[in-house]
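Working notes, beginning with the structure itself.
The values are calculated or read from the model by the stated rules, or taken from the named source; none is laboratory data. What you are looking at is a predicted structure, and each value in this text was computed from that prediction instead of being measured. Glycine gets a Cβ as well: all are built from the backbone with ideal geometry, and neighbour counts include every protein chain shown.
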Amino acid sequence: MTEAQFVALSPLILVGLAALVVMLAASFKRSNGLALGLTLAGFAASLVSLAWAAKVAPVQVTPLILIDRLALFYLGLVFLTGAAVALLGHGYFEKRAGYRDEFYMLLLMATLGAGVLVATTHFAALFIGLELLTISLYALVGYTRTEPRSLEAGLKYLVLATVSTSFLLFGVALLYAELGTMEFGKMVDLIRQGGHRETLVNGAIALVGIGIGFKLALVPLHMWTPDVYEGAPAPVTAFVATVSKGAMTAVLLRLYLLVGGAIPDSVMTLLSVIAILSMFVGNLLALLQDNVKRILAYSSIAHLGYLLVAFIAGGNFAPEAVTYYLIAYMATSLGTFGMVSVISGREREAEELRDYAGLFWRRPFEAGVFAAMLMSLAGIPLTAGFIGKFYLLAAGVDMGAWVLLGSVVINSALGLFYYLRIVASMYAAETSAKPGAAAREVALLGSATLAALALCLIWLGVFPAGLITLIRSAVLGV
Amino acid sequence: MILVWLILIPLVGGVVAGFVGSRNVSACRWISLVALALDAALAIGMISQHLGGFQYESSKVWFEEFRASWIPVLGISVHLGLDGLSSLMVLLTLFLGIIGVGASWSEIQERAGFFHFNFLWIIAGVLGVFLALDLFLFFFFWEIMLVPMYFLIGIWGHENRQYAAVKFFIFTQASGLLMLLSILALVFVHRAGTGTLTFDYSELLGTQMLPAVATWIMLGFFIAFTVKLPAFPFHPWLPDAHTEAPTAGSIVLAGILLKTGAYGLLRFTVPLFPEAARSFAPVAMTLGVIGIIYAALMAFSQSDLKRLVAYTSVSHMGFVLLGIYSFNEFALQGVVMQMICHGLSAGAQFMLVGALYERIHTRDMGKMGGLWTTAPAFGVAGMFFAMASLGLPGLGNFIAEFLILVGSFQASVPATTIAALGLVGATVYSLWFMRGAFFGPNERGWTIVDLNARELVLIAAFVIGLVWLGVYPQPVLNAVAPVVQSLEKMTQPVTAALLRS
Amino acid sequence: MWPLLVFIAAVMVVVAAQIVLSHFLGQRHRERATGEPYESGIVSEGSARLRFSATFYLVAMLFVIFDLEAVYIFSWVISFRELGWSGYFKIFVFIAILLASLVYLWRIGALEAGPPKRRLREAEVK
């Protein structure tokens, strides 16, 4: 390993090291604060080392990993999100009995897995990253062992994720058998050249697609989402909704950029159907829920449907649109699930709609932030969500994908309806709330994180130019 | 820069009022009032300077402009501009804004801070809509004014507020997205032609495109604006929103928010797509006429006072649609007059109904009657605005509707004939309103406090405005003359074609 | 090859012979205590379905975890010279990580042979 390679890899190494340090610290002194401090230090060190790595990028580290600007950009995104989840988790687990340190350890491991995913150019590394992420998530989803629902969610995630990963693995094996390589670039070249068994390769790609689609929770592979989101501890839900989906989107984006938009029409049609179904199923089912976590789960299905629209539309705007939309979605999801975790009490989580009754008057700050997050999900101006949606529509209009755009418009209206339901319940009279859900004490760190997130959302919604320039330079570097 | 201050003052005032409101309610009312008054003073100072005693200097299109870079990578800038049309709209907005704060002085007791925050942000959003000359910026403000309005209806509204607020929000949001699609389509068509990506209004004017494309893009704008206007069949949100909103909300909705739709049609739909607008005129005029008659009939069959006034709004806005798509000077002048006069008369009616509701806690006409005897000033004011609404000569509304009908007569005789029937309808529902609430025996034995000093001042302001516009409308007509003339020129062939037929 | 086959066949034959012969030659009796489990002369009580401490299972798992890693060390050893110092450093990191996790397991009490101490620690955390 050369020095440049080592430097390029240092962000990933540092996160892995942080996991180790947290583990060792936990074996001698159990302390929520200490573990959080070490975790944040680890993330901070990795983020700093990104700048260091940027100087040598792009660097190919073994055939498995490519550290280029796209990877660095997404690594930054993933690490920042991971740090925010850690901050949210601190307050959440402080209120609850049981081991806390392992949460940070698993979080770091999962983030490391996501980090490998965004930097991979090889199916072997993709699989390693995916497994690292997913296995850590099994434990994280079922982290609150005393809660039957959390355990159930963990088990459900375990079984379904394993099945989907096997699909992915089978697909990769078939591709390898036919093409004799697992590197993205070479595969794309070989497929383009032809001379292989068409059906076999297409079937293999479909199998890989199942694995990816499961992670992104696209219809019809979305069934796990509501249950897992509902059962998992709120900070973990935030992680599943953001980092795990974000990393997968990065993989998709990388493949997309490699293919260069030359995707057969039949695949495009299939993707369009999936996108439209995701939007409609997500939004329509969200209308029927009374549980905030479930509503947000279905809404996240719909949002990935929107995201897919940008991919399908293609054109110059697509990579930028995807990335901007993803950032807006990640910041917002982090905020909404973070809010659930911050205002949850000791006994149970604030997940019923009526737990939010009167929140505006009880805790105006948190409610205001939550409302801002929901508005961002709905794509109302002044928030990053609006710029994201604007970008998405711009990509669609640019390529004239009118059917998809039509469904985006219809679904935005549908989505508004349930976002407004949550907002409305926040300023409703405070009579119907069930006891036990409200937090008596304010989790300072969590609230501060959310305030920072809200500021960030509004900043990105009003002054998006800086981020757009950054995204452009990251995407064009591929 | 002064244009930026116009928008910033209410924004900042709203934030300050919101913070102060949790401790001192009356301070927050005063802050809102002062902020709006300051804004109005600024606007009047600037506009009177340029209009020079309401004589228009016709050399420049925009007599006040502001331009700053915003998102250069996408060709988006902060571009604000003021011409005769937008000055009038800005003045109307600030006038009704001040009235709105006054009208909610005693009505809003709970969470007043948040109320005034929302109220001032609506005003700021509307001002932004009237000033924006960048299409992205325009859309930005267009959407921003909806959120506080949603809260206004949803939190301080009447019994069925939740339903009304959501309906309002979804209707306007979904139609807004259609407009966004159209904006984007226009921008990309422009880019395909010229190679530059820009959202600037002045550059997008005169974009060359195929007629079919133009029609589709225009439809997006048209639907968004006619939902806001509202025109038949996009009006269902309006009766609910108006009825359930608190008084200040209704005043602002009827007085200003509806005008943003008309303004959008005048400023964007027609100038950006003159050809498409021309060929679309028959449809638009038909919708306008249907709106006039249908809403008049609906108004007549209401028992809820606020709902009645709400339907009269739809009817009056039908005239606006009819006038705009007649494409001649008379009609367009009438449209501007109608926008202002309806803003005043509907605002005043909502204020009266709101004041009445505060006293007797019902809006049901069946439970009223004979209120004139116990509150004569109320009755006189009600009578005055009912007359204004039915178009009594000497008041602004008469001038407006007369001009529109004169103009549209040149464009389409049948449409004008049917629209004129709307005036009969207006007479019927206005008198119905008076009879139901104020005349007849006072069967329920209401004894109510008459209008107090604060309310009398506000009503007087409305009365003076309407009488002035009715007797001496020339300043308004002068102010919009350049806009009207350029619109007429742009759409000239249609008038000729229609006259030939 | 064939000696092995012969050996396997011989083993089979011997084992089969033992079973078959004892069936025919062995004595049979059916007394009162024949069916009972033999507990050194003490009559057994209770059910045979006892709950065992999960520690055994844990130990088995630890074995699997740490023993599997040996595969990597073997593969390193085989190409020890080719990998040189760089390889040495990498396997060092690998073993250090294994050691760290061993320390962790030791400290959380995963290596304790019974439940009490762990329970105590859990109680402390609460």
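Of everything in segment C:70-93, what is away from chain A (no Cβ under 11 Å) and under 21 Å from A:A26 (Cβ atoms)? Give them in sequence order.
none
Give all pairs with beta carbons closer than 8 Å in which a residue from segment C:92-118 that is in a loop (DSSP other than H, G, I, E, B) and surrounded by 15 or more Cβ atoms within 10 Å (Cβ to Cβ) meets a residue that is of a type outside the set (A, V, I, L, M, F, W, C) and modelled with pLDDT of 85 or more; count only pairs at least 6 apart in sequence or on separate chains.
C:I108/A:S27
Please specify each residue of segment A:39-65 satisfying the condition of being buried (at least 18 other Cβ atoms within 10 Å of the Cβ) and either within 14 Å of another protein chain (Cβ to nearest Cβ) or among the β-branched types (V, I, T) (or both).
If the condition is that a residue be buried (at least 18 other Cβ atoms within 10 Å of the Cβ) and either within 14 Å of another protein chain (Cβ to nearest Cβ) or among the β-branched types (V, I, T) (or both), then A:T39, A:V59, A:V61, A:I65 are the ones that fit.
Which is closer than 23 Å to A:Y229 by Cβ and surrounded by 24 or more Cβ atoms within 10 Å (Cβ to Cβ), of A:G345, A:G415?
Answer to the selection: A:G415.
Against the definition (more than 14 Å from chain C (Cβ to nearest Cβ), part of a helix (DSSP H, G or I) and among the β-branched types (V, I, T)), how does A:V78 come out, yes or no?
It is true that A:V78 is more than 14 Å from chain C (Cβ to nearest Cβ), part of a helix (DSSP H, G or I) and among the β-branched types (V, I, T).
May I ask you to list pairs of residues, at least six apart or on different chains, whose Cβ atoms are under 9 Å apart, with the first in segment A:388-409 being among the polar types (S, T, N, Q) and modelled with pLDDT of 90 or more and the second being crowded, with 23+ Cβ neighbours inside 10 Å and in a helix (DSSP H, G or I)?
Matching pairs, first to second residue: A:S407/A:A275; A:S407/A:M279; A:S407/A:G305; A:S407/A:V309.
Looking at C:V6, C:V77, can you tell me which residue is over 30 Å from A:T2 (Cα atoms) and of a type outside the set (D, E, K, R)?
Step by step, each of C:V6, C:V77 is checked, and only C:V6 is over 30 Å from A:T2 (Cα atoms) and of a type outside the set (D, E, K, R).
Being surrounded by fewer than 24 Cβ atoms within 10 Å (Cβ to Cβ), of a type in the set (A, V, I, L, M) and modelled with pLDDT of 90 or more: is that true of B:L321 here?
no
Determine if segment A:335-354 includes at least one residue that is part of a helix (DSSP H, G or I) and charged (D, E, K, R).
The answer is yes; a qualifying residue exists.
Out of the residues in segment A:456-478 that are away from chain B (no Cβ under 11 Å) and assigned to a loop (DSSP other than H, G, I, E, B), which is modelled with the lowest pLDDT?
A:V478
Show the residue pairs that are 6+ apart or on different chains and have beta-carbon atoms under 7 Å apart, the first residue being within segment A:416-442 and over 21 Å from A:H303 (Cβ atoms) and away from every other protein chain (no Cβ under 12 Å), the second being surrounded by fewer than 16 Cβ atoms within 10 Å (Cβ to Cβ) and modelled with pLDDT under 90.
From residues that are over 21 Å from A:H303 (Cβ atoms) and away from every other protein chain (no Cβ under 12 Å), the pairs are A:E430/A:R362; A:G436/A:E347; A:G436/A:R348; A:A437/A:R348.
In segment B:170-181, which residues are facing chain A (nearest Cβ under 9 Å) and among the polar types (S, T, N, Q)?
B:Q173, the sole residue that qualifies.
Only one of B:L405, B:L344 is farther than 30 Å from B:G440 by Cβ, at pLDDT 90 or above and in a helix (DSSP H, G or I). Can you tell me which?
B:L405
I need the full set of residues from segment A:286-302 which are more than 20 Å from the chain's Cα centre (by Cα) and touching a residue at least 40 places away in the same chain (Cβ under 8 Å), in order please.
Residues satisfying the conditions are A:L287, A:Q289, A:D290, A:N291.
Among the residues of segment B:108-143 satisfying the criterion of being under 20 Å from B:I256 (Cα atoms) and not in a helix (DSSP H, G or I), which is nearest to the other protein chains (Cβ to nearest Cβ)?
Result: B:A132.
Does at least one position in segment A:123-140 carry a residue that is away from chain C (no Cβ under 13 Å) and not in a helix (DSSP H, G or I)?
No, segment A:123-140 contains no residue that is away from chain C (no Cβ under 13 Å) and not in a helix (DSSP H, G or I).
Please determine, by comparing only the residues of segment A:358-384 that are at pLDDT below 85 and buried (at least 21 other Cβ atoms within 10 Å of the Cβ), which one is nearest to the other protein chains (Cβ to nearest Cβ).
A:F360
Looking for something crowded, with 24+ Cβ neighbours inside 10 Å, in contact with a Phe, Trp or Tyr (Cβ under 9 Å, 6 or more places away or on another chain) and among the acidic types (D, E) - is there at least one such residue anywhere in segment B:232-245?
yes
What single numbered condition from (1) facing another protein chain (nearest Cβ under 9 Å); (2) touching a residue at least 60 places away in the same chain (Cβ under 8 Å) fails to hold for A:A350?
(1)
Which of the residues spanning segment A:85-100 are within 10 Å of A:S341 (Cβ to Cβ) and within 14 Å of chain C (Cβ to nearest Cβ)?
A:F93, A:K95
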